[in-house]
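Chemist: There's a structure below that I have some questions on.
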Amino acid sequence: MIILKATFLIRLSARLLLTGGLAVFFISANCSAATGDDYPNKPIHLIIPFPPGGAVDILGRLIGQSLSEQFNQSVIIENRPGANGNIAMEALAKMPADGYSLLIGGNGIATNSLLYPSSTYRMPQDFSTLGYVGRAPLIMVVPEQAPYQSLGDVITAAKKNPGAVTFASAGSGSSAHLGAELLSYATKIELTHIAYKGGAPAIVDLVGNRVSFMLLDLAQALPQLQTGRLRAIVVGTPEKLDVLPKVPSMTDAGYHQIEATVWWGLIGPANIPEAIANKINAGLNRALTDTAIVKKLTEFGVTPKPGTTQQFRSFILSEINKWSAVMKNVKMKED
């Protein structure tokens, strides 16, 4: 009996040590996640929901390189185009909330769940809002050989022949699409939307004079304007752009109430530990205040918007409220 009891005690002690060890392991793991001390200890995947070559891709690679240098860790860029970023956002919502799967997107972050009511996610409930990247005005550009010299020319042509004036976008719900739909609504004209899977292929057709116009951010428009393949006829904000002093603003064109802009932000799956989310946000803010990066962003007409995770969440909620009202008056359809 004594031997049996001793054996039992030995086994019991072993079990206690084993379970105690597991408890220590889990507590340590949870503490590590809570403090974010060892983050990141493996490569970060940064999803870009559009093809290479567009504005989101340019910004994503710029931010990704900065985060990689700051964290001394690889940042793997993954382009997942389709449905104005909706495909990538649906995938992101199902990924682990450990800070190793991130996405940089544009206006669709706020509007996609409105545009695609059948989506499997909702914003902001299913995501961690990690930081505002920046914003930029959209510029109405036309092919070099197009007959339009002003916004007035486009409106006159559309009124004369409803539906004949076409506009390209990077996809339904993209900033270019919504901006043009607002123009259509405000001026009571009928335009025909041609959606592409990303800005780059849309620009190819625009340069080829296969569509009438497109609203582009400066990052995508400037190279085409400098080579003369496209012409800018109006800046989609009440103010002019310093880099394009001869291009009139919406105020100059007589439509000060219309504002067409694009913005970008960084998100992750819901419930990323606060310490890790704050660490990512701090890295993003450092990138957005880095002199070399700010200079490059300014050249593209982008105004950096560093801030907190909560400030970005509040901004997204305000965008959702704004577009919820607008979309009641704008005809939308899924790609």
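Chemist: I'm trying to understand the selection: among the residues of the stretch 35-53, which are under 18 Å from I267 (Cβ atoms) and in a loop (DSSP other than H, G, I, E, B)?
Modeler: Once the filter is applied, which keeps residues that are under 18 Å from I267 (Cβ atoms) and in a loop (DSSP other than H, G, I, E, B), the stretch 35-53 yields G36, Y39, P40, P49, F50.
Chemist: Here's another thing I want to ask about it. Going through the stretch 211-236 one residue at a time, which ones are surrounded by fewer than 24 Cβ atoms within 10 Å (Cβ to Cβ) and either of a type in the set (V, I, T) or not assigned by TED's automatic domain parsing to the domain that holds A164 (or both)?
Modeler: V211, T227, I233
Chemist: Scan the stretch 192-242 for residues that are within 22 Å of I87 (Cβ to Cβ) and out of contact with any strand residue (DSSP E or B) (no Cβ under 8 Å at 6 or more places or on another chain) and report the count.
Modeler: Residues that pass the stated criteria total 6.
Chemist: Just one of A170, A158 is under 21 Å from N79 (Cα atoms) and touching a helix residue (DSSP H, G or I) at 6+ places or on another chain (Cβ under 9 Å); which is it?
Modeler: Answer to the selection: A170.
Chemist: If the Cβ limit is 8 Å and pairs must be 6+ apart or interchain, which residue in the stretch 276-292 that is more than 14 Å from I104 (Cβ to Cβ) pairs with which residue that is in a helix (DSSP H, G or I) and at pLDDT 95 or above?
Modeler: A277/T309; N278/T309; R286/S66; R286/Q70; D290/S66
Chemist: Something else: I'd like to verify a number: residues in the stretch 227-275 that are part of a loop (DSSP other than H, G, I, E, B), under 23 Å from the mean Cα position of the chain (by Cα) and modelled with pLDDT of 95 or more, how many?
Modeler: So the count comes out to 4.
Chemist: Please go through the stretch 293-309 and give me each residue that is assigned to a helix (DSSP H, G or I) and either under 14 Å from L266 (Cβ atoms) or not polar (S, T, N, Q) (or both), ordered by number.
Modeler: Result: I293, V294, K295, K296, L297, E299, T309.
Chemist: Just checking, how many residues over the stretch 118-160 are closer than 28 Å to A282 by Cβ, of a type outside the set (S, T, N, Q) and either in contact with a Lys or Arg (Cβ under 8 Å, 6 or more places away or on another chain) or in a loop (DSSP other than H, G, I, E, B) (or both)?
Modeler: Going through the stretch 118-160 one residue at a time, the tally reaches 9.
Residue-by-condition table, conditions (1) over 19 Å from A277 (Cβ atoms); (2) among the aliphatic types (A, V, I, L, M):
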residue: G99; (1), (2): no, no
residue: L115; (1), (2): yes, yes
residue: M123; (1), (2): no, yes
residue: G131; (1), (2): no, no
residue: L138; (1), (2): yes, yes
residue: Y148; (1), (2): yes, no
residue: N161; (1), (2): yes, no
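Chemist: What are the residues in the stretch 202-219 that are within 19 Å of Q145 (Cα to Cα) and in a helix (DSSP H, G or I), if any?
Modeler: Selection gives A202, I203, V204, D205, L206, V207.
Chemist: What number of residues within the stretch 119-156 satisfy the criterion of being surrounded by fewer than 18 Cβ atoms within 10 Å (Cβ to Cβ) and touching a residue at least 40 places away in the same chain (Cβ under 8 Å)?
Modeler: Going through the stretch 119-156 one residue at a time, the tally reaches 7.
Chemist: What residue, of Y100, Y39, is modelled with pLDDT of 95 or more, crowded, with 17+ Cβ neighbours inside 10 Å and outside the structural domain of N278 (by TED's automatic domain parsing)?
Modeler: Y39
Chemist: Another question, then. Considering the stretch 124-147 alone, what residues qualify as being among the aliphatic types (A, V, I, L, M) and more than 25 Å from I258 (Cβ to Cβ)?
Modeler: Result: L130, single match.
Chemist: Separate question: Answer yes or no as to whether L151 is more than 18 Å from the chain's Cα centre (by Cα) and either on the phi < 0 side of the Ramachandran plot or at pLDDT 95 or above (or both).
Modeler: Criteria met by L151.
The values are calculated or read from the model by the stated rules, or taken from the named source; none is laboratory data. Since we're looking at a predicted model, the values are computed, not measured. Reconstructed Cβ throughout: ideal geometry from the backbone, glycine too, with neighbour counts over all protein chains shown.
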